[in-house]
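Scroll down for the structure; my scribbles are underneath it.
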Amino acid sequence: MVDGARDPDPADSPGGLTDRDRGILSFERRWFTHAGAKEQAIRSEFGLSAARYYQLLGVLIDSPLALAHDPMLVKRLQRMRAARAQARERRTVRAPEHRTSPAP
């Protein structure tokens, strides 16, 4: 499927997940077996840009259907996403608080 194509209705497939959804979950279970970069494997397997793939994955791991399909994988991906968000939050440059000196 190409980036701009309409996503199939999950209600049309058994278990509520589309073939692509199940393919993405399967890929996440085994992506490290691909030679080369993950982005190249994403493009060759799904015909998607890495950005689009990660958008779809983000929505998918929030889905109760995906959680029911592969709870251990989905929970692991959710934990990894939360850890990355926390790391980003810690790296965020914050303006120092302005302190006023007490009057002498």
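The values are calculated or read from the model by the stated rules, or taken from the named source; none is laboratory data. Computed from a predicted model, the values in this text were never measured in an experiment. Surface accessibility is based on the protein's heavy atoms, side chains included, excluding ligands, DNA and RNA. Shrake-Rupley method; radii C 1.70, N 1.55, O 1.52, S 1.80 Å.
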For this session: Please provide three numbers in whole Å: the alpha-carbon extents of the stretch 50-96 along the principal axes, with the largest listed first.
Result: 46, 22, 14
Exercise. Roughly speaking, to the nearest percent, how much of the stretch 42-87's 1.4 Å accessible area is carbon and sulfur?
Worked result: 63 percent
